[in-house]
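Asks: Here it is, the structure, as structure tokens.
A short reminder: the numbers here are calculations on the coordinates, not readings from a lab. Small disclaimer: the values here were computed from a predicted structure and weren't measured. For neighbour counting, all protein chains shown are included, and Cβ atoms are generated from backbone atoms with ideal geometry for every residue, glycine included.
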């Protein structure tokens, strides 16, 4: 074997070893970095998982788009969910508009995107859970969040030019009230910014390292999010409480 060929083989072998070592390091680093996200989403990596979106299909919305409309905030939330679920081994996002979810599908693992004003399945589930954080009346379009424990009311902040400068929302993980063997996640903003922020909050250390969450308990949380340039910015977790979702308001 000539010396030049020998040197080429040595160099190629060294490059292959370096590539394999770098790939392995990146793989191990990602496994460690995303371990909490994978642990959180592992119970949802099931064949009957449904990600249920809000949809606007009534009155003027139907005139403009006969297939229905989805808010930008919900789309941002779905993109964030796709990334998180991929890390838990769910390769495809099993999307279903809320008005098309069947009774049988309600009994699976559910991720509900959007609050009760825009997602009818969210409304059905929240009516059946013993939540202490609730939105105002759908009939009056009341987007405030009411705390039944303290009596406090959280309100969005409107700035100059009627621009939303701070949104808010509710984040819930609980037993599915339609099937106690399955789980639900609710990402519900007063407006779409809050819904997208709820998805981001799920991947934050505020949630993933909270004792109630790491111990696997159902929980409900409220948060606020600053809006700058039409984009959610800093998210502040206001309160997180353990939720006794074994006590269900059946038939509510």
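Asks: Residues in the range 193-223, backbone N under 18 Å from the label point at residue 48 (7 Å along the Cα-to-beta-carbon vector): list them, ranges by number please.
Replies: The answer is none, because no backbone nitrogen lies closer than 18 Å to the label point.
Asks: Hey, another quick one. Work out how much length residue 142 to residue 231 would gain on full extension: take 0.36 nm times their residue separation and subtract the Cα-Cα distance, in nm to one decimal.
Replies: Using 0.36 nm per residue and subtracting the Cα-Cα distance, I get 29.8 nm.
Asks: If you rank 181, 220, 226, 80 by fewest surrounding Cβ atoms within 10 Å, what's the result?
Replies: 181, 226, 80, 220
Asks: Where does each of 118, 47 land when they are ranked from fewest to most other beta-carbon atoms within 10 angstrom? Each step should come with its number before you reach the end.
Replies: Details: 118 24, 47 7.
Starting with the residue having the fewest Cβ neighbours, the order is 47, 118.
Asks: How would you rank 238, 42, 50, going from fewest to most other Cβ atoms within 10 Å of each one's own Cβ?
Replies: 42, 238, 50
Asks: Here's another thing I want to ask about it. Consider a paramagnetic label point 7 Å from the Cα of residue 72 along Cα→Cβ; state which residues of the range 82-115 have an amide N under 11 Å from it.
Replies: Hits in the range 82-115 for residue 72 at 11 Å: none.
Asks: Tell me, what does the Kirkwood hydrodynamic radius of the range 36-242 come to in angstroms if you use every pair of distinct C-alpha atoms?
Replies: Kirkwood radius, the range 36-242: 17.1 Å.
Asks: Fully extended, how many nm does the chain gain between residue 153 and residue 180 (0.36 nm per residue separation, minus their Cα-Cα distance)?
Replies: Working it through step by step, the gained length comes to 6.6 nm.
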